[in-house]
Amino acid sequence: MLMPHGPSLEPAEPLVAEGKTFTGNRGLECEEGLIFEIGRIENTGVDLEEPPPFSERLGGLERKTPLRLPGLSEPEAVRHFVRLSRQNYAIDLGIYPLGSCTMKHNPRLNEAMARLPGLAEIHPLQPQSSVQGALELIAGLARWLAILTGMEAVAMAPRAGAHGEICGLMVIKAAMAARGEAQGRRIVLVPESAHGTNPASAAGVDFEVRSVPARADGILDPVAVKEGLGPDVAALMLTNPNTCGLFEKQIVEIADLVHAAGAYFYCDGANFNAILGKVRPGDLGVDAMHINLHKTFSTPHGGGGPGAGPVVLSGRLAPFAPVPFLRREKDQWRLVENLGEAPNSFGRIAAFHGQFGLFVRAYAYMLSHGGDGLRRAAEDAVLNANYVRAGLKDLMSEPFGDRSCMHEVLFDETWLKPFGLSALDFAKAMIDEGFHPMTVYFPLVVHGAMLIEPTETESKASLDLFIAALRDLALAVRRGETKRFEAAPKWAPRRRLDETRAARNPVLKWVNPAG
Amino acid sequence: MRYLPLNDEDRALMLARIGVKDIAELFADIPPDKRLEQALDLPCHKGEMEVERQFSALAAQNIAAGSVPFFIGAGAYRHHIPASVDHLIQRSEFLTSYTPYQPEISQGTLQALFEFQSEVAELTAMEIANASLYDGSTATVEAAAMARRITGRRKAIVSGGLHPHYAETLQTYAAMAGVDLLRLAPDVVATESLAERIDQETACVIVQSPDFFGHLRDHSKLAESCRAKGALLVAVFTEAVAFGLIEPPGTLGADIVAGEGQSIGNRLNFGGPYLGLFAARAQYLRQMPGRICGETLDRDGRRSFTLTLSTREQHIRREKATSNICTNSGLASLAFTIHLSLLGSAGLRRLARINHANAVDLAERLAAVPGVTILNKTFFNEFTLRIKGDASELVERMAEAGILAGVPVSRLLPGQGLEEFLLVASTEVNTDADRAAYAKTLQGVISC
């Protein structure tokens with residue numbers, strides 16, 4: 001089976017002279033066709049016995065529509081997906097310094113625990129008497145989250161950070177409604193530096209977004225917040241530490257202003273990893289905050305998910321939490337699943353009880369670290385980011401001047417511009433050096449942002465190599481070696497892609513060339 | 001601490017390089033009166049063995065599906081997953097990578113997503129599919145929101161056969177976003193009439209097949225009624241394996257399809273993480289929520305894959321995005337793709353037939369138990385029983401007798417006079433002996 005973009009069987013030209021190979025492979029790096037090109041519709045890699053004859057109960061709805069799914073034998077499937085995997089960068093291969101994404105090591109103990117049959121093979125609607133261990137685990141995780149954040153209650157249902165934002169805003173809306181102010185307070189204040197999910201979530205819950213400008217030093221100005229506040233404002237959404245890697249040092253003043261105006265303070269907890277055990281959001285005046293278990297508590301990102309986004313709530317908001325939630329009754333845990341038993345709850349935001357498989361991993365992470373280890377993790381994360389900053393700040397430009405950062409350090413492309421290069425060019429050159437690039441072009445509030453988050457699980461040796469490599473690249477920029485950057489990446493499985501073609505002419509599934 | 005590579009010597013050297021005297025200086029922006037000077041009142045770090053012991057003790061308090069005859073479904077299904085699936089999704093390069101923002105070094109994830117989208121489109125007989133959402137319930141909410149954007153109308157009609165958790169989730173979102181939601185009463189015997197409720201304000205009608213009570217529904221006439229009134233048909237499912245045997249929603253006229261993909265490749269996990277499947281007609285592409293992977297070429301003309309059409313998404317469009325979704329169900333979609341690649345059409349068709357055969361066999365055995373009625377004329381691998389008495393009590397007593405017998409309908413739909421109904425599912429994991437034990441135990445429990 002040859003791939004449509006692969007070679008013909010007879011090499012027609014002197015391949016080696018052009019630096020090409022017959023197969024398109026380069027040593028360990030293999031080209032791989034799609035399952036539709038490898039598998040065959042009549043094949044299967046799962047041995048199943050045809051059932052004995054029986055009278056079906058399909059009411060004439062038996063599938064007549066063709067089903068053209070290729071089947072692969074196990075050796076073919078294993079090879080296919082292993083070959084694909086080798087075209088990916090991963091934390092297990094090297095530093096993955098995506099700012100705001102918190103790509104830290106994923107302990108394998110957590111994977112093992114999540115696969116214990118008593119935790120993986122249980123159904124969400126089993127009798128509650130048969131899942132007391134699972135409920136105990138959820139309660140334990142919630143207790144840790146409440147203690148770490150200094151908050152009253154935890155809503156475990158949200159499926160990811162953005163879903164947590166929706167949950168938090170719904171709680172706020174319900175609290176406003178209970179005060180009789182649902183109609184009057186339709187505005188949510190969102191700083192310019194916020195994650196895109198913040199305004200999108202606010203719009204999803206039918207709030208209007210009012211943008212708050214950042215100050216020249218990268219943090220939010222209480223004066224600007226005050227100007228944005230009014231009797232029409234329901235909440236402020238603020239990330240702290242913020243997306244520029246800075247702690248909002250006037251956060252208490254801001255919280256007081258928000259509360260004085262009758263609004264609630266929602267904190268985007270995406271960067272909670274920087275302050276674990278160092279300060280509790282509840283002490284800073286936060287009313288609701290989601291926690292990305294897949295960032296701070298290291299459940300694997302899995303190429304885009306799944307995540308989990310529990311929301312911690314202050315005492316004022318706790319009564320409005322969604323179902324389900326746990327209650328302790330007669331030495332047993334009981335899930336309260338129905339609104340009839342929770343009159344103040346704003347409702348249900350998804351089926352079942354939350355991302356349990358990720359709760360297991362996050363809880364294993366917490367128990368392994370302990371209160372002491374979590375605090376140490378936050379300190380090392382901040383230390384590592386500042387160490388990278390110290391190693392690069394003389395060559396790269398900092399949008400907010402020479403100041404220390406929290407868990408991530410923000411540079412921008414100002415220093416690249418005189419050489420005709422962009423943040424993207426620099427990022428692609430990092431790929432050739434064997435690194436995943438930093439986050440580029442986010443936060444939007446900084447033009448050509450380059451946000452580096454090394455995390456606490458990088459060793460000093462790893463950081464030293466990373467810094468040295470970036471310094472070498474920076475010096476190449478300064479020497480005017482622009483071609484090296486424009487041509488990058490050269491050594492990756494693919495060179496730069498034609499993104500315009502992908503969007504203009506969307507090809508979103510395999511189409512059989514034979515029709 | 002085994003996960004932290006720095007030692008005190010490293011830390012001292014690094015602090016010196018940074019030019020601060022201690023770590024506290026780096027946290028100086030935290031208001032002094034709010035700083036925690038000592039560790040919180042939490043247990044100290046633990047070694048692997050101690051953590052394992054603690055989790056094993058928790059796991060031991062639960063009854064695992066594999067340890068007893070198990071017949072629970074209601075939106076989450078236990079199937080056999082080939083060993084290679086879990087092995088492959090634990091490849092470091094899949095497990096520990098991020099959303100593929102840098103396509104040159106993410107082709108593995110991207111090609112798998114392209115294969116996933118192709119499989120979902122083929123399975124549901126729809127033209128396009130996205131790269132996954134959180135789960136079936138939130139996918140249903142996204143489908144309703146998409147229908148609202150497409151039609152500019154605010155009303156959604158929800159079938160009484162929709163999974164109650166999905167319907168409640170829709171209700172919550174609708175109440176928050178000012179959508180007019182008409183949720184019909186639980187439709188235990190699949191006799192509701194939806195077509196006459198469609199009016200000029202209706203954005204969509206949301207139906208499920210196989211529905212919550214197990215009935216198979218032919219939506220094709222309803223689809224015509226929707227089209228005649230300018231409304232969209234949203235077809236929901238919770239058991240993807242069914243489409244190896246029954247007509248898919250695309251063939252029955254669905255405009256948008258939202259479903260739960262857990263049952264292919266993913267374990268029960270006590271309810272999550274699961275896998276939101278989402279597909280639609282191609283004309284609605286620009287209104288789709290979530291990530292979409294597309295094919296293109298790289299500079300050397302090689303076929304490549306990339307996330308595309310991101311101008312729909314929150315990181316570009318912010319409050320004008322089609323959805324706020326960012327993280328999705330990447331690894332669960334990979335498990336789905338691998339499992340379905342192993343099955344292929346031939347394997348999926350046979351798997352689906354086995355499921356149906358097992359369920360038919362169980363239904364026949366249970367129908368023979370005095371005092372038990374099967375409500376369904378049609379079903380795939382799950383059906384509704386009616387017993388005399390409270391199904392919740394029955395389930396507890398069956399559990400005491402070592403059988404997880406199903407889900408009492410009143411657990412999800414309390415206070416509606418549905419106490420006598422029990423949902424029962426049977427998949428390929430149930431043996432003949434399991435089904436015989438169910439019938440025998442049920443007879444014993446009912447008669448005493």
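The values are calculated or read from the model by the stated rules, or taken from the named source; none is laboratory data. These figures come from a predicted structure and were not determined experimentally. All Cβ positions, glycine included, derive from the backbone under ideal geometry; neighbour counts span all protein chains shown.
Quick look at the values:
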item	result
A:G391 being within 9 Å of chain B (Cβ to nearest Cβ), touching a residue at least 40 places away in the same chain (Cβ under 8 Å) and part of a helix (DSSP H, G or I)	yes
Selected residue [buried (at least 24 other Cβ atoms within 10 Å of the Cβ) and modelled with pLDDT of 95 or more] from A:P124, A:P107, A:P117	A:P124
Residue ID - surrounded by the most Cβ atoms within 10 Å (Cβ to Cβ), chosen from residues in the stretch A:232-265 that are in a helix (DSSP H, G or I) and more than 14 Å from chain B (Cβ to nearest Cβ)	A:V258
Every residue from the stretch A:101-137 that is touching a residue at least 24 places away in the same chain (Cβ under 8 Å), under 22 Å from B:L331 (Cα atoms) and not in a loop (DSSP other than H, G, I, E, B)	A:L109, A:N110, A:E111, A:M113, A:A114, A:L119, A:A120
Test: residue in the stretch B:266-275 that is farther than 30 Å from B:A59 by Cβ and facing another protein chain (nearest Cβ under 7 Å)	no
Residue in the stretch B:122-138 that is more than 19 Å from the chain's Cα centre (by Cα), within 14 Å of B:V207 (Cα to Cα) and surrounded by 24 or more Cβ atoms within 10 Å (Cβ to Cβ) present	no
B:G214 vs. criteria more than 12 Å from chain A (Cβ to nearest Cβ) and at pLDDT 95 or above	no
The lone exception for A:A216 - which of (1) buried (at least 24 other Cβ atoms within 10 Å of the Cβ); (2) at pLDDT below 95; (3) small (G, A, S); (4) in contact with a Phe, Trp or Tyr (Cβ under 8 Å, 6 or more places away or on another chain) it fails	(1)
Filter result (closer than 21 Å to B:S410 by Cα and not in a loop (DSSP other than H, G, I, E, B)) within the stretch B:183-213	B:R183, B:V207, B:Q208
Residue in the stretch B:158-171 that is assigned by TED's automatic domain parsing to the domain that holds B:I325, touching an Asp or Glu at 6+ places or on another chain (Cβ under 8 Å) and closer than 28 Å to A:A203 by Cα present	yes
Out of A:A174, A:A182, sole residue that is more than 30 Å from A:A449 (Cα to Cα) and part of a loop (DSSP other than H, G, I, E, B)	A:A182
Failed condition for B:D29, given (1) free of Cβ contacts under 8 Å to residues at least 24 places away in the same chain; (2) in contact with a helix residue (DSSP H, G or I) (Cβ under 7 Å, 6 or more places away or on another chain); (3) facing chain A (nearest Cβ under 7 Å); (4) not basic (K, R)	(2)
Lone qualifier among B:I292, B:I246 - being closer than 20 Å to B:A144 by Cα and either basic (K, R) or out of contact with any strand residue (DSSP E or B) (no Cβ under 6 Å at 6 or more places or on another chain) (or both)	B:I292
Selection from the stretch B:191-207 of residues that are crowded, with 23+ Cβ neighbours inside 10 Å and of a type outside the set (V, I, T)	B:L194, B:A203, B:C204
Among the candidates A:G204, A:G218, A:G180, residue that is under 30 Å from A:T102 (Cα atoms) and free of Cβ contacts under 8 Å to residues at least 40 places away in the same chain	A:G204
Which numbered condition B:A16 misses (of (1) of a type in the set (A, V, I, L, M, F, W, C); (2) out of contact with any helix residue (DSSP H, G or I) (no Cβ under 8 Å at 6 or more places or on another chain); (3) touching a residue at least 12 places away in the same chain (Cβ under 8 Å))	(3)
Flag for A:P418 being over 22 Å from the mean Cα position of the chain (by Cα) and at pLDDT below 95	no
Residue list for the stretch A:18-50, filter: within 7 Å of chain B (Cβ to nearest Cβ) and over 41 Å from the mean Cα position of the chain (by Cα)	A:E50
Any hit, the stretch B:134-147, residues being part of a helix (DSSP H, G or I), closer than 15 Å to A:L69 by Cα, at the interface with another protein chain (Cβ under 7 Å from one of its Cβ atoms) and not acidic (D, E)	no
Strands (runs of 3 or more DSSP E) completely within the stretch A:300-355 that count 2 or more residues being more than 7 Å from chain B (Cβ to nearest Cβ), of a type in the set (S, T, N, Q) and surrounded by 24 or more Cβ atoms within 10 Å (Cβ to Cβ)	none
Qualifying helices (runs of 4 or more DSSP H) (wholly inside the stretch B:1-96; at least 1 residues being within 30 Å of A:R83 (Cα to Cα))	B:83-89, B:92-95
Among (1) buried (at least 16 other Cβ atoms within 10 Å of the Cβ); (2) of a type in the set (A, V, I, L, M); (3) within 7 Å of another protein chain (Cβ to nearest Cβ), the one test that B:A60 misses	(1)
All positions within the stretch A:51-100 that are at the interface with another protein chain (Cβ under 7 Å from one of its Cβ atoms), among the acidic types (D, E) and outside any loop (DSSP other than H, G, I, E, B)	A:E62, A:E74
Pair list, Cβ under 7 Å, 6 or more apart: the stretch B:221-232 residue in contact (Cβ under 8 Å) with a residue 40 or more places away in the chain, other residue surrounded by 13 or more Cβ atoms within 10 Å (Cβ to Cβ) and among the β-branched types (V, I, T)	B:G230/B:T151; B:A231/B:T151; B:A231/B:I198; B:A231/B:T202; B:A231/B:V205; B:L232/B:I150; B:L232/B:T151; B:L232/B:I256
Scope the stretch B:1-44; condition crowded, with 16+ Cβ neighbours inside 10 Å and touching an Asp or Glu at 6+ places or on another chain (Cβ under 6 Å); matching residues	B:L4, B:L6, B:I23, B:K34
Which listed residue, of B:I246, B:I198, B:I206, is assigned by TED's automatic domain parsing to the domain that holds B:V179 and in contact with a Cys (Cβ under 8 Å, 6 or more places away or on another chain)	B:I198
Among residues of the stretch A:130-171, those that are among the small types (G, A, S) and more than 7 Å from chain B (Cβ to nearest Cβ), counted	10
Test for A:G277: is it surrounded by fewer than 24 Cβ atoms within 10 Å (Cβ to Cβ), within 24 Å of A:L189 (Cα to Cα), modelled with pLDDT of 95 or more and not charged (D, E, K, R)	no
